[in-house]
Each structure stands twice: as C-alpha cells, then as structure tokens.
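The block underneath contains the structure these notes are about, expressed in structure tokens.
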Ligand code: SF4
C-alpha cells in the first residue's frame, strides 16, 4: 500500500550514501564483472520511495553508482536519506550538500533509529520502522517542504503491518548494476546475543510479509533485470521457523515456474542444522549460501555472549550438515571478546582450516548502542569514544595485540593457496550436493552467455595475466576448465579475488578492523 489522503505534489530525492570500503561489499570483485558497481539495492529507501504518494515524482540515487549532482538537488523539493552506522559520515555529507541548496533533509533507517545523536544537522529524524512517523513526515512535507526552524524527531509507535508493505521501488534502481539482489521476508530475531542490536531495534517476535508478497517482489526483481543471486536480508531466516516452512513451497514453485534463474542466500542461526525439513526445502528452492554468525569456535565465549544456541549442534557437525544440503557456509567472526586469550588467533586459523569455510567476515568487537553489551561496558566504564581507534571497546587484552591478531588472521586466512583450497573443498563437498536444475532458456540465452564470457575474459586477463597470484589461480582454474565447471570458476574467483585483495589491505593496516569503525579511510571521502 501507499500512504493515502495527500493531494498535492512534491518532488522527492532519495539518496543512498556510499559505503566505506569493507570486507562485505566485494568491491574488488566489481572490475571482474560485466558492469557491477554497487553491493545490494537498499531495501529501506526503496520501500519508502514506493510508499510515497503515487503522484509524487521520486528520483533515487545510489551514490555507490553515481553521486547526486547539483541538478538533482535543484530538481528536488526535499531529500530523504537512509543508511547504516558505517555510512554515517557520508549521510552527514549528503545533508550538508542538500542544505547548500536550502532543501529539507530527512533521515531514516537503522543508524538514526539506534543513534539519533549522530545526526544533529538533519531537519527530520525518522526513528523506527515504516509506520505513523512515516505518515507524519509525509504529511509535514506535503504541507510545507521548506526547512523547519529546528530539528523535528518523529518516532514510530505504530508500525505498519509488513503484510501491507508495498513492493520496494526496484524500478527506480539500476538493478543490473548490483552485485546481489536483496529481498526481505521478516524482521526481528528471538535471540538476544549480547553484542547485537537487532532485538532492540526490530523486536524479538519476527514480523512477516506473506509468501505472495515475496513471489511478487521476485517477479518485479526479474522484470528489473536481476541476474544471479538474491539475498534474504532477514535478520534470521529461521527467526520464525514455521514462517520459513510456509514460505519455502512458494519459493520452490516460483523457481520451477521461472526456470531456476536465481539462486538464494540468507542469514540464519547455526541451529538451523537441527531442522532437516527446512534445509531440504531450502535446497529445493535453490538456496546456495547461508551466512551464520558463528562468532567464535570457543564455547566459553559463546556462552558469555549469550549465543548458546550456536552449540545446539556441535559447530563442525552443523557446518557439514549445511554443506550436505548444498549450501556454502559464510561465517561472521568476532575478535576482541572478553574471553579471548593470546592464542585466540591461532585457534581461529585452526577452525578455518578444519571447517573449510572460504569466506569469514572477521571483525573486532564493537559495542553498538541499544545492546546489552553497550549497557554492560558502560557500567564497567569500558566504552572508549575515540575515532582514531578501530573499536570503542576497552578490550581485556592490550588493544595493539588484538589489532595485530586481527591483521595476522586476515593475512593468513586469505593467502591465495589456502583460500582456493577451501573453494576446492566446497566444490566437492557442498556445491556437488546442490539441486541440479535443468538449464532454462534464460541461462542459455545469448545475453547470458555474453555475460559469462565477459566475466571470464576479465578474470583471465586481470587475475590470470596481470594478477600476482597467477600460479594459485591457474592451478584452481585449469581444474575447473577441465571439468567444465565454468560457473563455479566464475563465482569462486569473483569472491576470492576480493577476499585476497581486501585481506592484503587489512594485514597491511590500510583498512578498518571493524565493520562499524569510524576511523576515516580513503574510500569514505565524501562524494563530489
Ligand atoms: S541470532 Fe543473530 S540476529 Fe539474532 S540476536 Fe543473535 S546475532 Fe542478532
């Protein structure tokens, strides 16, 4: 649905800020693709764009693709911005640029909802999810789009039921320019891991869309040119297990109808390994990757952070179970926990070797507002506000030791030979267990073949000829070519190249050790 009862017209500019270069945004992979320039279409801002009154013209700009220009700002009557903590500086920069054109600017999304104080310059703060605050914001802009005398904070107290959410305005985004498609089925998570702000922000009782909304969104993503993979951005895909089971038959049917042109991935807790009926459905729906916040292989640490649910099945057994259903596991890992010891880094490397997980996002612990961790560290006087640091946590171990361990782990885990070995393992132990759907006309179309050839050419030239890990690359690539595993070759090398290059930056100290770090990096220079 859209907001109703507004009669006049306002021109709205929606601007999504640039990401600071990060491990999870894969920018080193983009030059190997056929024109990808950004990570995922932003769900929140495209949702708001779809909710605005039908007669309001909307321009959507993702500054990861192109910066908003003076002409865009001159066209607009008001500006909407949304983003995560990692984009804080860029969001404040968009606000400054909009104010230079005397435009009112509103900010919504996860960062401002958790930390309104981060955004003193904005005219409107939209705190919370889509709901009564959104209606109030739209009504105010409809009445008067000029800048208010002082900041106005609008808090959602009555959230719009997710079954009434409109389909995000994917048509406004350049979908083929994104590395992954994104979609959201549920919001919230029943667990309460100490470091996580999801339950505080979105609640412990997951809210849901209907399966029909999801298949309609997938139809629209296809219409807008999505190729490859779509990521369910739900905080926990099995936050409501019954809902996951309800959705899967619809996804399977949709895949059969459309010829399995898309692969799915999602985030879920590791105890999904206890639910073979869900995993079987996911395999049939062509889920190929699953992100699990393993956080640490240390049971004492898991208990301390209230993530005991990761131990419902022994971790290694759970990973093997997910692999047996064809899914590659991606793992989140945290260093700097209170339980860490000087040999934690070594144990992590042993875990990576034993699990054969290729992609692990290794971050330093960061205390986010609205989390039990934040409250505890505040009580213990262990929160450090220093933008020159990679974390706001006063670690138990010396700060330099923790950062050195992080750099050493990144450097070692992503040595090309080791990484390709782990992909080799995935091909035989996980990918081999995937559904083998028949080739659809779309997959054998000239457009798709040309896309594959372009990526192969880029990979062979930029990695196989110009790259500096040629021997390891060709050892891996020649095996794939001999076995006709072209799709595995392209998919693995795209990601591996990013991991190798980013890990080099990390181990050389050229990048942040925390996804949430505010330390200025080159890539966070404001857009022009
Ligand atoms: S299971 Fe994941 S989403 Fe849920 S509280 Fe823990 S870290 Fe957050």
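Things worth noting here:
Quick grid of which residues meet (1) modelled with pLDDT of 95 or more; (2) out of contact with any strand residue (DSSP E or B) (no Cβ under 8 Å at 6 or more places or on another chain); (3) closer than 30 Å to residue 485 by Cβ:
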residue: 368; (1), (2), (3): no, yes, no
residue: 375; (1), (2), (3): yes, yes, no
residue: 379; (1), (2), (3): yes, yes, no
residue: 385; (1), (2), (3): no, yes, no
residue: 388; (1), (2), (3): no, yes, no
residue: 399; (1), (2), (3): yes, yes, no
residue: 412; (1), (2), (3): yes, yes, yes
residue: 418; (1), (2), (3): yes, yes, yes
residue: 427; (1), (2), (3): yes, yes, yes
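- Only one of 69, 20, 25 that is within 25 Å of the chain's Cα centre (by Cα) and farther than 20 Å from residue 168 by Cβ: 20
- Here 106, 133, 139 are screened, and the one residue that is closer than 18 Å to residue 51 by Cβ and either assigned to a loop (DSSP other than H, G, I, E, B) or out of contact with any strand residue (DSSP E or B) (no Cβ under 8 Å at 6 or more places or on another chain) (or both) is 139.
- Residues of segment 319-333 satisfying the condition of being under 23 Å from residue 23 (Cβ atoms) and either surrounded by 23 or more Cβ atoms within 10 Å (Cβ to Cβ) or in contact with a helix residue (DSSP H, G or I) (Cβ under 8 Å, 6 or more places away or on another chain) (or both): 319, 322, 323, 327, 328, 329, 331, 333
- Residue in segment 510-519 that is outside any helix (DSSP H, G or I), at pLDDT 95 or above and surrounded by fewer than 16 Cβ atoms within 10 Å (Cβ to Cβ) present: no
- Only residues that are closer than 30 Å to residue 322 by Cβ, within 28 Å of the chain's Cα centre (by Cα), without any contact (Cβ under 8 Å) to a residue 40 or more places away in the chain and outside any helix (DSSP H, G or I) were counted across segment 431-487, and they come to 1.
- Of all residues in segment 279-329, those satisfying the criterion of being within 14 Å of the ligand (Cβ to nearest atom) and under 22 Å from the mean Cα position of the chain (by Cα) are 290, 291, 292, 293, 294, 295, 296, 307, 310.
- Members of segment 219-235 found to be assigned to a helix (DSSP H, G or I) and either within 16 Å of the ligand (Cβ to nearest atom) or in contact with a strand residue (DSSP E or B) (Cβ under 8 Å, 6 or more places away or on another chain) (or both), listed by number: 221, 222
- Residues (part of a loop (DSSP other than H, G, I, E, B) and surrounded by 21 or more Cβ atoms within 10 Å (Cβ to Cβ)) located in segment 269-285: 269, 285
- Qualifying residue in segment 246-268 (condition: modelled with pLDDT of 95 or more, under 30 Å from residue 350 (Cα atoms), away from the ligand (no atom under 16 Å from the Cβ) and not in a helix (DSSP H, G or I)): yes
- Among the residues listed as 203, 181, 188, the single one being more than 13 Å from the ligand (Cβ to nearest atom) and either closer than 21 Å to residue 434 by Cα or modelled with pLDDT under 95 (or both): 181
- Sole exception among (1) at pLDDT below 95; (2) under 15 Å from the mean Cα position of the chain (by Cα); (3) assigned to a loop (DSSP other than H, G, I, E, B) for residue 6, by number: (2)
- Scoring residue 149 on the criteria (1) more than 16 Å from the ligand (Cβ to nearest atom); (2) in a loop (DSSP other than H, G, I, E, B); (3) touching a residue at least 12 places away in the same chain (Cβ under 8 Å); (4) surrounded by fewer than 19 Cβ atoms within 10 Å (Cβ to Cβ) leaves a single failure, condition (3).
- Within segment 128-146, restricting attention to residues that are loosely packed, with under 15 Cβ neighbours inside 10 Å and touching a residue at least 24 places away in the same chain (Cβ under 8 Å), the residue that is farthest from residue 74 (Cα to Cα) is 139.
- Matching option when the condition is more than 20 Å from the chain's Cα centre (by Cα), on the phi < 0 side of the Ramachandran plot and within 16 Å of the ligand (Cβ to nearest atom), among 216, 243: 243
- For segment 167-178, the candidate set comprises residues that are under 23 Å from residue 53 (Cβ atoms) and either touching a residue at least 60 places away in the same chain (Cβ under 8 Å) or under 17 Å from the mean Cα position of the chain (by Cα) (or both); within that set, the residue that is nearest to the ligand (Cβ to nearest atom) is 168.
The values are calculated or read from the model by the stated rules, or taken from the named source; none is laboratory data. Quick caveat, the model's predicted, so the values are computed rather than measured. Quick reminder, even Gly has a Cβ in these numbers, built from the backbone with ideal geometry, and neighbours come from all protein chains shown.
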